[in-house]
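One structure below.
The values are calculated or read from the model by the stated rules, or taken from the named source; none is laboratory data. Everything quoted here is computed from the prediction, not taken from an experiment. Neighbour counts run over all protein chains shown; Cβ positions are idealised from the backbone, glycine included.
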Amino acid sequence: MDTTTSRGRDVAYQLHPFTNLGRHESEGPLVIARGKGVYVYDESGREYLEALAGLWCTALGFGENRLAEAAFRQLSRLPYYHQFGGKANDVAITLAERLVKLMPVPMSKVFFNNSGSEANESAVKLVWYYNNAKGRPRKKKIIARQRAYHGTTMVAASLTGLAASHRDFDLPIPQVRHTDCPYFYRYARPGESEEQFATRLAENLDAQIQREDPETVAAFIAEPVMGAGGVIVPPATYFEKIQAVLRTHDVLMIADEVICGFGRTGRMFGCETFGITPDIMTMAKAITSGYLPLSATVISEEIYRACVGQSEKLGVFAHGYTYTGHPAACAVALEVLDIFEERDLLGHVRRVGPILQDGVRKFAGHPLVGDVRGVGLVAGMELVPDKPGRGTFDPPGKAGALFVARAQANGLIVRNLQDTVALCPPLIISEGEIDELLRKFAKALEETAEELGRR
Ligand SMILES: Cc1ncc(COP(=O)(O)O)c(C=O)c1O
């Protein structure tokens, strides 16, 4: 089979995630060869403003030499050392200490993994271990939400509430349940306020836990702002009401901070922005600005103590990866934290975030735009075929895909999430670059509308 693409690249040697593989063989990927600041360049040298920070990752932008140098220094001094069987490396220890001090609620220990999926996988394993330690072997179910995205490994994909992540992969696993998605634009009833919607969802969760039997429900997992599900910002009072239900039934709260963590919402963690008090927090992506793979599962003292007790009983805590606490990744993460402080990145996000948010909301009146939502430096604009009726495109994703193509032709990279166009630029983006992003975005919207005959 000839798999040389129209862009001249042979795609035969990789299975590309979240891609229509059949169509991909004929069209091929956009091949990126280098990056600087908020820009990336393809093989022919064409420039694109990367308005999704890769995959919601490169908070400090591309080509940040301090991160490359931190990795180089660490690789020269100690390129690898593990954390198994009573050994450790000094950088992982330093990073763990610094992360625990950064946590918005009292936390005790950090477990390092290599990806967001693994961080969530570890979170679930630790919840199960904890409940076994507490003599509650039935309390094992995890409730996630429809449209959630928590990754693609077996447990993480099960937690994910998107059909494509389950279908024909024989998932979800039996211990996982899904509950309502707090998607006000689509799922609120006519006339319902955000607060009333939040109350209804919390009541539904309460009823669901009671139906399942609270003795069998161990944890609830949530992204503060849902990313891949369509940039869904929780309605007012949502987490406050959900957490009250969880407390009633002694159900742990896991906050998946993989996208929101490290400044995205204008605070260090999304939990701070939305008043979440988690028992476990998972984080990845911006922890190294995406420069090296690293994630963390941070747990409370109570969970840690139960793990200690259980490992004494069993003789070993048998969880971990060869690359847990990889020194080069940890060194990069420490440098990221230094840069956050030195450049007051949180202050920067709070200053420029409103410029992006106001700018995108200016498109709210466009006939193709149903909803615009976001916080800090993450935003979503939902395209609809009929503004008053809030219908969906057939096939779903059609308009968003067109938008992505038009944006790309105009030198802007955004992501289509079932007709919601997502923006999540590097946090270092300047006001001038936000203006450029919005200009290109406006052009892509006009061209998309023209192609769909909807100007
Ligand atoms: C909220 C959230 N959790 C988990 C993941 C999974 O992370 P990874 O792809 O590193 O496994 C992602 C990835 O986009 C994510 O957005």
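Tabulated results
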| read-out | value |
| --- | --- |
| Residue within the range 36-53 that is closer than 20 Å to Ile287 by Cβ and part of a helix (DSSP H, G or I) present | yes |
| One residue from Glu312, Glu335 being acidic (Asp, Glu) and either outside the structural domain of Gly261 (by TED's automatic domain parsing) or surrounded by fewer than 16 Cβ atoms within 10 Å (Cβ to Cβ) (or both) | Glu312 |
| Thr282 more than 17 Å from Gly374 (Cα to Cα) and outside any helix (DSSP H, G or I) | yes |
| Within the range 4-15, considering residues that are closer than 20 Å to Ser44 by Cβ and in a loop (DSSP other than H, G, I, E, B), the one modelled with the lowest pLDDT | Ser6 |
| Subset of the range 80-126 that is hydroxyl-bearing (Ser, Thr, Tyr) and within 19 Å of Ala306 (Cβ to Cβ) - its residue that is surrounded by the fewest Cβ atoms within 10 Å (Cβ to Cβ) | Ser108 |
| Failed criterion for Lys125 (all others in (1) away from the ligand (no atom under 16 Å from the Cβ); (2) in a helix (DSSP H, G or I) hold) | (1) |
| Lone unmet requirement of (1) surrounded by fewer than 13 Cβ atoms within 10 Å (Cβ to Cβ); (2) touching a Pro at 6+ places or on another chain (Cβ under 8 Å); (3) not β-branched (Val, Ile, Thr) for Ala328 | (1) |
| Criterion (within 22 Å of Ser295 (Cβ to Cβ), more than 16 Å from the ligand (Cβ to nearest atom) and either surrounded by fewer than 19 Cβ atoms within 10 Å (Cβ to Cβ) or not assigned by TED's automatic domain parsing to the domain that holds Ile355 (or both)) met by exactly one of Arg247, Arg267 | Arg267 |
| Those residues of the range 300-340 which are in contact with a strand residue (DSSP E or B) (Cβ under 9 Å, 6 or more places away or on another chain) and more than 17 Å from Phe72 (Cα to Cα), in sequence order | Ser300, Glu301, Ile303, Tyr304, Cys307, His319, Gly320, Tyr321, Tyr323, Thr324 |
| Only listed residue being of a type in the set (A, V, I, L, M, F, W, C), within 11 Å of the ligand (Cβ to nearest atom), under 30 Å from Leu356 (Cβ atoms) and touching a residue at least 24 places away in the same chain (Cβ under 8 Å), chosen from Ile242, Ile232, Ile276, Ile287 | Ile287 |
| Residue selected from the range 398-450 under the condition under 23 Å from the mean Cα position of the chain (by Cα), among the β-branched types (Val, Ile, Thr) and assigned to a helix (DSSP H, G or I), by the criterion farthest from Gly376 (Cα to Cα) | Val404 |
| Which numbered condition Gly376 fails, given (1) within 24 Å of the chain's Cα centre (by Cα); (2) within 26 Å of Phe84 (Cα to Cα) | (2) |
| From the options Asp206, Asp180, Asp213, residue that is loosely packed, with under 15 Cβ neighbours inside 10 Å, acidic (Asp, Glu) and modelled with pLDDT of 95 or more | Asp213 |
| Options Arg98, Arg66: the member that is over 24 Å from the mean Cα position of the chain (by Cα) and part of a helix (DSSP H, G or I) | Arg66 |
| Some residue of the range 72-79 being outside any loop (DSSP other than H, G, I, E, B), buried (at least 16 other Cβ atoms within 10 Å of the Cβ) and either on the phi < 0 side of the Ramachandran plot or under 19 Å from the mean Cα position of the chain (by Cα) (or both) | yes |
| Residue in the range 148-165 that is nearest to Ala119 (Cα to Cα), counting only those that are in a loop (DSSP other than H, G, I, E, B) and more than 9 Å from the ligand (Cβ to nearest atom) | Gly161 |
| Flag for Ala123 being at pLDDT 95 or above and in contact with a Gly (Cβ under 6 Å, 6 or more places away or on another chain) | no |
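Residue-by-condition table, conditions (1) surrounded by fewer than 21 Cβ atoms within 10 Å (Cβ to Cβ); (2) assigned by TED's automatic domain parsing to the domain that holds Ser300; (3) out of contact with any strand residue (DSSP E or B) (no Cβ under 7 Å at 6 or more places or on another chain); (4) farther than 17 Å from Gly230 by Cα:
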residue	(1), (2), (3), (4)
Ala144	no, yes, no, no
His150	no, yes, no, no
Ser165	no, yes, yes, no
Pro174	yes, yes, yes, yes
Glu192	yes, yes, yes, yes
